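S.K.: First the structure, then my questions, so here it is.
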Amino acid sequence: MSGLTPATRRRLKKLRQVPSVWEGDRRLLATDGLGDLVADSNLSGDCILWVDGVDEAVRAMDMVPPDSGPEALVRTLLRAMEAPSGAQIQPARPQRILVRDREVQFFLRGVLQDLDITVDYTPDLPLIDEIFQSLQEVANKRHPHLPAEDADALTEVALNVWKEAPWQNLDEEKIISIKLNYEDIDTLYVSILGMLGMEYGILMYRSVDSLKRFRQEVLSAEDNPKNLEHAFLQQDCFFVTYDQSTAESNGHGRDGLPPIEPAFGSLHPLEGMRPILHEEEASVMLVALQALYRFFQDHLEEIDMAEFPPLTSRYRIADPQQQGKKVSVTVATLPDLAEELAEMTEDFSLDDDLEALEFDVVPVLRDDLIPRDSFYSLGAMPFQVLEELRQSVKVHQPSTTELPKKLEWFPIVLIQTTRPKAMSLIEGLQAAGGLEAICFNPGEDPINEIHYDLGILKTLDGDFHLFGEFDEEDPIHIEARKKWDQRCKKTKGQCGLVIAKGSTGASRGNPTMKDMLAFFEVRSLSPNEIGLGPLELTHQFDEL
C-alpha cells in the first residue's frame, strides 16, 4: 500500500482540525442526466461522496470507474479536506471518519496515520443514504437525450458522417442546404465545424437569417466573452458534436483514446441550448443526416476550400415515423451564400491567414499532426554527437544561426512513433514548409481546474501544432523545463526536434542513432513571442 508522502502529511496537518464527523462511501450510480451535478457525467461507474455529518454538507464528490481501487476514496477525501466544494465551505481536517466497509476502514487507518484522524466502522450511513437516493431520483426523472426508437440510428449515421470527415474539405462558411419539407421543417442550412482541429460538429440552421445573424454578431463581438455567449445563444439550429478526448496516456503518450461519441441537441433564442431531442426533432435530424451522409459519399471529393461548385442531389429517405413511407430530400451546395459569408468576414478585417472562425475566436492550435501513439519527451543531446546526427538522419533541417562553440548539451524534443507514422509526420512538416520553432504555452481546463504547460510546434506556414500536454505541477516536468530553458539560453535560443522510429520496441523512450529519422534545428520561442496567450480547453455543447 502506498502511503502519503511526508510533504503531504505536513501540509494536511497544517489544516485546521474541526470537531466534525465525516461520512465517506462509494456506490454504483447511473449518471445519465446528472450532468449538472457530476463533473464527468459521461462516466458510468461508482460515485464517491465525502459528507460533513455535523454540517450536513457535501465536501467532495467524484465519479470513478468501478474497477478503481480504494486509492480513489483517498483522492476525493484529500480534496474534501484541502479544496472542498461550495464557496462557504472552508478547508479543514476532521476529527473522525465513518465508513461502512471494514476493508476501507483498515485501508484509511493506514493511509491517514499521524494525522490525528480516527477512522471508525458503522453499518449504516443515513445521511449518505439520503443523498444517494436523491441523486438517483434526479437521474431517473431526467428526460433521455434521444428517443429510444431513434437513438441507435442517429448515433450510427452520425458516426458514418464522422468517418467521411467533411471538415477536412470544408470550413463553416461553405453552406449546404437540405430541403426536407418534413414535419415543420422546410429547409436546413448546414455549417461544418472542425477545420481548425478544435471542435468537430455539424450545425443545421432552421433559416438563412439565423445563420447570417449569428455570423454578424460573432464578428461584431470583438472577443468580448459576454457578447460571444449572447451570439451563441441566439442561434436557431439543431446540432451534432463529436466528443473527441485529448487525454494523454500516463501523462505523455497519446494512445488509448476512447471512441468518438456524438452528442445531439438544439439551440433556440427562447429555449437556449438544449442537449435533448424530442421525437419529432430526432426524426428530422435522422432524415437530414442520412441525406447529408449520402451527399458526402457522392460529392465530398469534388468540393473543398478552393472548389465549391453548385451541386445538387435528390434522395429518398425512409420516414422514421411511418414504416414503408419515403421522404424526398434535396441536398445542394450554396456557393453564392458561401461567398457572401466570406465577404462578411473580410469586411471585419480579420487576419487573412485565419481560415475559419469557430465559436471561441482563439488562435489555431491543431492536434492532428502528431500520431496518437507517440512517445514524446524533453531532453538534451551531447554537443559532440550533433554532427553525427546531422549526417545520419534521412531528413535534416539545418539551423540558420551559428551555435556557440563551447557547448556541452543541445536541447531537443524527441517524438518517437512507428516508422510509417514517423515518415508521415516528417512529410507533414515538410508540406508545411518546415519547422519554424518549438515553444511552450500555458493552458487551462477551467472546468476541472487543471493547468497545463502545452508543448507546441510552429510550422513555417504559420500553424501551431500541439505535441504534448504537461501537468504544470508535475515535479519531473518542472525540472525538465528548467533544464530546457537553461540550455536554450546557452545555445542563444537554438533547439531541435528529433523524430525517431521504434516506439513499440525495446528502444521506446531511448532511441539509438539508427532509429532517428529526422532532425530539425529551430528556435525556441517564449509564450510572449508566439503571442497565443493562455489557452482554454473548449468543452462540448452539452458541457456548457
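S.K.: Could you work out how far apart the two model spin labels at residue 11 and residue 168 are, taking each label as a point 7 Å from the Cα in the direction of the beta carbon, and quote it in nm?
M.R.: Output for this residue pair reads 4.4 nm.
S.K.: Given charges of +1 on the Cβ of Lys and Arg and -1 on the Cβ of Asp and Glu, with all other atoms neutral, how large is the dipole of segment 375-536 about its Cα centre, in debye to the nearest 20?
M.R.: Working: 18 positive and 23 negative charges, 215 e Å.
So the dipole magnitude of segment 375-536 works out to roughly 1040 debye.
S.K.: Rounded, prolate or oblate: which fits segment 45-114, taking a ≥ b ≥ c as square roots of the Cα gyration tensor eigenvalues, rounded meaning a/c under 1.5, else prolate when a/b beats b/c? Before the final figure, lay out the partial values.
M.R.: Details: a/c = 1.80, a/b = 1.25, b/c = 1.43.
Oblate shape, in that a/c is at least 1.5 and b/c is the bigger or equal ratio.
S.K.: Another question, then. How charged is the neighbourhood of residue 405? Take every other residue with its Cβ under 14 Å from the Cβ of residue 405, and add Lys/Arg as +1 and Asp/Glu as -1.
M.R.: Residues close to residue 405 contribute a combined charge of 0.
S.K.: Moving to a separate point now. Can you pull the one-decimal nm distance between simple spin-label points at residue 297 and residue 133, each 7 Å off the Cα toward Cβ?
M.R.: 5.3 nm
S.K.: May I ask which of 14/489; 179/421; 405/514 have a Cα-Cα span longer than 32 Å here? Write down the numbers at each step before the final one.
M.R.: Numbers: 14/489 39 Å; 179/421 42 Å; 405/514 26 Å.
In this structure, 14/489; 179/421 lie more than 32 Å apart at Cα.
S.K.: For a protection proxy built on the mean count of beta-carbon atoms within 10 angstrom, sort 431-442, 398-409 highest first, please.
M.R.: Details: 431-442: 18.2, 398-409: 11.1.
Sorting 431-442, 398-409 by mean packing, highest first, produces 431-442, 398-409.
S.K.: Right, next: Tell me the relative contact order for segment 375-536 as a rounded percent, counting alpha carbon contacts under 8 Å between residues six or more apart.
M.R.: 34 percent
S.K.: May I ask you to list the lysines whose Cα is less than 17 Å away from that of residue 458, ignoring any residue fewer than eight positions away on the same chain?
M.R.: Qualifying lysines at Cα under 17 Å: none.
S.K.: I would also like to ask the following. Cross-link candidates for residue 174: which lysines have Cα within less than 25 Å, leaving aside residues fewer than 8 places away along the same chain?
M.R.: Qualifying lysines at Cα under 25 Å: 163, 212.
S.K.: Can you sort 472, 173, 103 so the residue with the fewest Cβ neighbours within 10 Å comes first? Intermediate values should be presented prior to the final figure.
M.R.: Working: 472 15, 173 23, 103 9.
Listed from fewest to most nearby Cβ atoms, that is 103, 472, 173.
S.K.: Rounded if a/c is under 1.5, else prolate if a/b beats b/c, else oblate: with a ≥ b ≥ c from the C-alpha gyration tensor eigenvalues square-rooted, which is segment 375-536? Intermediate results must be reported in sequence, preceding the final value.
M.R.: Details: a/c = 1.44, a/b = 1.29, b/c = 1.12.
In terms of gyration-tensor shape, rounded.
S.K.: Whole-Hz Karplus ³J(HN,Hα) for segment 434-441, in order, using 6.51 cos²θ - 1.76 cosθ + 1.60 and θ = phi - 60°, x for Gly and Pro?
M.R.: x, 9, 9, 7, 10, 8, 10, 9
S.K.: Calculate the spin-label point distance for residue 399 paired with residue 183, positioning each point 7 Å from the Cα along the beta-carbon direction, and give it in nanometres.
M.R.: In this crude spin-label approximation the distance works out to 6.2 nm.
Values quoted throughout were computed directly from the atomic coordinates according to the rules given, and no laboratory measurement underlies them. Please read these numbers as outputs of a predicted model, since none were measured by experiment. Here the Cβ is made from the backbone with ideal geometry for all residues, glycine too, and neighbour counts use every protein chain on show.
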